[in-house]
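The values are calculated or read from the model by the stated rules, or taken from the named source; none is laboratory data. Since the structure is predicted, the reported quantities are computational estimates derived from the model, not experimental observations. Neighbour counts are summed over all protein chains in view; Cβ atoms, including those assigned to glycine, are modelled from backbone coordinates with ideal geometry. In case anyone asks, the SASA skips ligands and DNA or RNA and just uses the protein heavy atoms, side chains included. Shrake-Rupley method; radii C 1.70, N 1.55, O 1.52, S 1.80 Å.
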Amino acid sequence: MADNEDTPTALGPNTQLIRAGYNPFDFHGFINPPAVHASTVLFPDAETMEKHGQKYTYATRGTPTTDALCNAINELEGAAGTILVPSGLAAVTLAFLAYLSPGDHALIVDSVYGNVRHFGDTMLTRFGVEVEYYDPSIGAAIEGLFRPNTKLVHLEAPGSNTFEMQDIPAIVAVAHRHEAVVTMDNTWATPLYFRPLDFGVDVSIQGSTKYPAGHADILMGTISANAKYWKRLKHANGALGICGTADDAYQVLRGLRTMGVRLERHQANALAIAEWLETRHDVARVLHPALPSFPGHDIWKRDFKGASGVFSFVLSVERREDFKVKAQAFLNGLSLFGLGYSWGGFPSLALQVDLDDRRILKAPEEGPVLRLQIGLEDVADLKADLERGLAAARAA
C-alpha cells in the first residue's frame, strides 16, 4: 500500500505511464524497480522497532516493489492512496468490508460482475448487511432507494457483460447528500479512459489482471481512495492482511508501461468488429457503448475518453429453445478466438453470457448474448473467424 506523494501529472497519458511510480535513479539507474522478495524486515535497534520508526516494517504493509506500483496507480487515478490485493474480486470485497457494518444498507448496480453479486448475497448478508440492486439507468432517481442506513453505493460502468452505462455524476451527488461512500469498478475503461475520482467517486477499483497486466498471466486488483476515505481503507487492509506479491506487482508495473498503446489497439479493433457485426443480418444487437446505436452512448461520449476491447452481441435466433445450441455452435466454430474467462490480455476470447442472476434487468429476447474480448490480432483475421462461427450457428 502507498500514500500519494503528490507526483506532478502534467504529462501526456503515455508519457505518464512510462514514468509513473518509480525513479530509476533511486536504484542505481536501473530502468525497472527490483522485485523485492520479503516477509521480515530488520530494524537497526529496539527503539526503532518499538516505534515502527522506519519506512518498511513488514511485507504485508508494503515493499519498494509494491510501493512503485501503488505510486503509479495513485498518479493515474489521482488518489490519496492505493491498496494491492490478489484479484479484482478481492478489491471489490475488501472495499465493501472497509466501509460496511452490520445493519447497513448497500445499493449495488444490477449489472454488477456476477461474483460480486454472489459475495453480496452470501457473505454481506451473513454479516448483517442488507443488499439491494438498482437499475443502471436510474440516475438521480436513485434518491428513492436511499434509507437512513444506506452507507454505500457500488457502480460498475459499463455494466458487466451487457455494458449498460450509468449517469455517474447524478448518482454520486445523491449518495453524497446522504453521506454514503461511492465505490466503482472501473476495470473496463481504466483511468486512461475514465477517472472515477474526478467525477466524485470515492473509491476506484481495478482488476489489474486485465489491461494493466495485459498478458493473461497475472491476478491482481487495486483499490484507490480519495483523501476522505483512504485511512479507513488502509486500516481495513491492515486488519485483513491481504496484499499483493512483489513478483505480481513487478509484472503489472511492467505491463502498465505499454497499456496506453495496447488499449488504443484493443479499442480500434473492437470498434471495427462491433461496426461490422452491426451490419450482419444474423446479429440482433451489438452491445458496445461507443456505438451511436447503443442506448447509453450519449453518457459514454459525455464522460469517457475511450473504449476498451470488450463488448457483447446478441445472436439472432428465432426460438428460445435453440439459444443454447446456436450459441455453442458459434463458439465451437471459432478457432482464433479462445473460449475462456477474463479479458484484457493480448488474445481474443469469446463466451456465452449467463444473465440468470439479474434481479431487475431482463435478458435480450432476440437470442443468446455472446461476449467478445477483442485482442491484438489483425482485424481481417478476426472477422474471418467470426464469420466461421456465425456460419456454424446458422447450420446448427
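Is at least one residue of region 39-52 in contact (Cβ under 8 Å) with a residue 24 or more places away in the chain and more than 25 Å from the chain's Cα centre (by Cα)? No, that holds for no residue. In the list ALA38, ALA79, which residue meets the criterion of being in contact with a Ser or Thr (Cβ under 6 Å, 6 or more places away or on another chain), in a loop (DSSP other than H, G, I, E, B) and either among the polar types (S, T, N, Q) or crowded, with 21+ Cβ neighbours inside 10 Å (or both)? When all the criteria are applied, what remains is ALA79. Of all residues in region 300-318, exactly one satisfies the criterion of being at pLDDT 95 or above, open to solvent by 80 Å² or more (accessible area, probe 1.4 Å) and either in contact with a helix residue (DSSP H, G or I) (Cβ under 8 Å, 6 or more places away or on another chain) or not in a helix (DSSP H, G or I) (or both), namely LYS305. If you filter region 160-174 down to residues that are free of Cβ contacts under 8 Å to residues at least 60 places away in the same chain and open to solvent by less than 30 Å² (accessible area, probe 1.4 Å), you find that the one that is nearest to the chain's Cα centre (by Cα) is SER160. For region 120-151, a residue qualifies if it is within 21 Å of SER101 (Cβ to Cβ), surrounded by fewer than 19 Cβ atoms within 10 Å (Cβ to Cβ) and either modelled with pLDDT under 95 or not charged (D, E, K, R) (or both), and the qualifying residues are THR122, MET123, THR125, PHE127, GLY128, LEU145, PHE146, PRO148, ASN149. Applying the condition of being among the polar types (S, T, N, Q) and more than 17 Å from the chain's Cα centre (by Cα) to region 229-271 and asking which residue is nearest to LEU97 (Cα to Cα) yields ASN237. Within region 10-32, how many residues are more than 22 Å from the chain's Cα centre (by Cα) and either touching a residue at least 40 places away in the same chain (Cβ under 8 Å) or more than 20 Å from MET259 (Cβ to Cβ) (or both)? Residues meeting the conditions: 8.
Among SER208, SER224, SER204, which is the only one that is touching a Lys or Arg at 6+ places or on another chain (Cβ under 8 Å) and within 22 Å of GLN16 (Cα to Cα)? Only one candidate qualifies: SER204. Name the residue that is farthest from ALA72 (Cα to Cα), counting only residues in region 190-213 that are aliphatic (A, V, I, L, M) and surrounded by 24 or more Cβ atoms within 10 Å (Cβ to Cβ). In this case the residue turns out to be VAL201.
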